[in-house]
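Before any comments, here is the structure.
The values are calculated or read from the model by the stated rules, or taken from the named source; none is laboratory data. It should be emphasised that the depicted structure is a prediction, and the values quoted were computed from it without experimental measurement. Backbone-built Cβ (ideal geometry, glycine too); neighbour counts: all protein chains shown. Keep in mind that these areas ignore ligands, DNA and RNA; they rest on the heavy atoms of the full protein, side chains included. Shrake-Rupley method; radii C 1.70, N 1.55, O 1.52, S 1.80 Å.
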Amino acid sequence: MVNQPLIELSDCNRIPQLGLGVWQANPVEARTAVRHALEVGYRHVDTASIYGNEEGVGAGIRDAALPRSEIFITTKVWNADQGYEKSLRAIDESLGRLKMDYVDLLLIHWPAPDKGLFLETWQALIEARMTGKTRSIGVSNFTEGQLDELIGSSGVKPVLNQIELHPFFSQGAMTHAHVQLGVKTESWSPLDQGEALSNTVIQQIAAKHNRTAAQVIIKWHLDQGLIAIPKSVTPSRISENIRVFDFELPPEDLHLINELNQYRRLGPDPETFS
Ligand SMILES: NC(=O)c1ccc[n+]([C@@H]2O[C@H](COP(=O)([O-])OP(=O)(O)OC[C@H]3O[C@@H](n4cnc5c(N)ncnc54)[C@H](OP(=O)(O)O)[C@@H]3O)[C@@H](O)[C@H]2O)c1
């Protein structure tokens with residue numbers, strides 16, 4: 001088993017720094033991918049109700065037959081389920097599909113500001129934590145202003161904000177804001193959905209270290225203290241993506257990757273997406 005770093009969250013729970021993402025994996029693919037990932041050393045899986053694969057994720061976890069306490073599982077409340085009562089129902093439904101008593105981390109998937117419901121939704125997540133349905137609570141795709149509003153109104157800080165972050169969109173302002181707030185940063189689409197793998201600079205760095213482009217990018221995330229959840233349903237790639245704890249990237253290579261930032265989003269703008 002890979003001995004991988006754990007990041008301590010503000011509520012003192014700990015999250016494995018590298019996890020498996022499963023967006024766009026169907027339930028059968030998710031089941032096989034999760035089982036393989038756990039067998040090769042992953043201990044962290046990131047799903048969401050909207051991915052439609054929570055059943056597969058739960059089945060893959062049971063297939064691997066590890067103690068539940070060794071695995072960190074995240075799911076998310078979808079935009080259409082925002083609001084206090086609806087969110088509580090959605091959380092129970094996610095647990096039912098996963099066949100679990102609790103998840104380790106529950107996130108509000110998007111702030112969806114036009115709905116005006118994320119403060120209410122946050123109260124449901126606080127309630128879910130009090131009743132033991134989740135160990136930790138956080139958010140995804142929140143802007144700095146939305147984080148301030150959430151924390152100011154509830155007095156409860158999300159343990160992390162899961163945001164789009166990869167070499168072409170490195171989110172310096174948000175990661176700085178997170179450090180100031182004591183909120184961890186988790187990178188979604190850490191490989192730029194595979195696009196960054198063909199970048200020449202990254203390929204040259206990979207060749208120099210006798211590694212793959214994916215391993216170099218994942219290492220770049222981890223070296224910054226970010227939590228990263230690369231997705232793959234391909235067993236060889238799942239194995240490849242966790243073989244990143246036995247090499248170092250020197251500062252000059254990290255600097256070259258930092259220079260690739262193009263302020264280019266893949267996903268929607270959190271200020272308007274609903
Ligand atoms: N909170 C949010 O709003 C949000 C939004 C998007 C994503 N996420 C989360 O973040 C996770 C990761 O993001 P993502 O799925 O968008 O993209 P990603 O992890 O950046 O990239 C995934 C793509 O890269 C390919 N890939 C993975 N490892 C590879 C390797 N070693 N060599 C070559 N290709 C490789 C995968 O192919 P195969 O699968 O075919 O192997 C897939 O096409 C998601 O799965 C989800 O859990 C969250």
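A simple packing score, the average count of other Cβ atoms within 10 Å per residue, orders the peptides 150-156, 121-127, 87-93 as 121-127, 87-93, 150-156, with the highest score first. Placing TRP78, TRP110, TRP23 in order of accessible area, with the largest value first and a 1.4 Å probe, yields TRP23, TRP78, TRP110. Panel note: the C-alpha atoms of segment 165-209, placed on their principal axes, show extents of 38, 20, 14 Å (largest first).
The mean accessible area for residues of the chain, using a 1.4 Å probe and ignoring ligands and nucleic acids, is 42 Å² per residue. Mean residue ellipticity, 222 nm, helices only, the chain: the sum of -39500 (n - 2.57) across DSSP H runs of n ≥ 4, divided by residue count and rounded to 500, is -12000 deg cm²/dmol. Residue farthest toward the positive end of the dipole of segment 153-250, with Cβ of Lys/Arg at +1 and Asp/Glu at -1: which of GLN180, ASN210, VAL244? Going by the Cα projections, it comes out as VAL244.
Of HIS36, HIS44, the order by accessible heavy-atom surface (1.4 Å probe, DNA, RNA and ligands excluded), from most exposed downward, is HIS36, HIS44.
With the biggest extent put first, the Cα atoms of segment 109-225 measure 49, 29, 25 Å across the principal axes. Rounded to the nearest Hz, the phi-derived 3J(HN,Hα) couplings of segment 219-227 under the Karplus curve 6.51 cos²θ - 1.76 cosθ + 1.60 (θ = phi - 60°) are 4, 4, 4, 5, 5, 8, x, 7, 8, where x marks glycine and proline. In terms of its C-alpha gyration tensor, the chain has an oblate overall shape, because the principal axis ratio a/c (a ≥ b ≥ c, square roots of the eigenvalues) is not below 1.5 and a/b does not outweigh b/c.
Volume of the convex hull of segment 162-237 (Cα atoms only), normalised per residue: 88 Å³. The P(r) of segment 67-152 has a tail past 19 Å containing 32 percent of all C-alpha pairs. Charges were assigned to the Cβ only: +1 to each Lys and Arg, -1 to each Asp and Glu. The resulting dipole of segment 195-250 about its Cα centre is roughly 100 debye. Spatial offset of segment 1-47 relative to segment 117-171 amounts to 20 Å, using the alpha carbon center of each. Element breakdown for the chain at a 1.4 angstrom probe: carbon and sulfur atoms account for 49% of the accessible area.
For the chain, with the dipole built from +1 on Lys and Arg beta-carbon atoms and -1 on Asp and Glu ones, taken about the Cα centre, which of SER170, GLN262, ILE126 lies farthest toward the positive end? It is ILE126, whose Cα lies furthest towards the positive end. Using only the C-alpha atoms, the convex hull of segment 1-155 corresponds to 106 Å³ per residue. Placing unit charges on the Cβ atoms only, positive for Lys and Arg and negative for Asp and Glu, gives the chain a dipole magnitude near 620 debye about its Cα centre. Cα centroids of segment 233-274 and segment 54-79: 24 Å apart. When only the Cβ of Lys, Arg, Asp and Glu is charged (+1, +1, -1, -1), the dipole of segment 1-129 relative to its Cα centre reaches about 200 debye.
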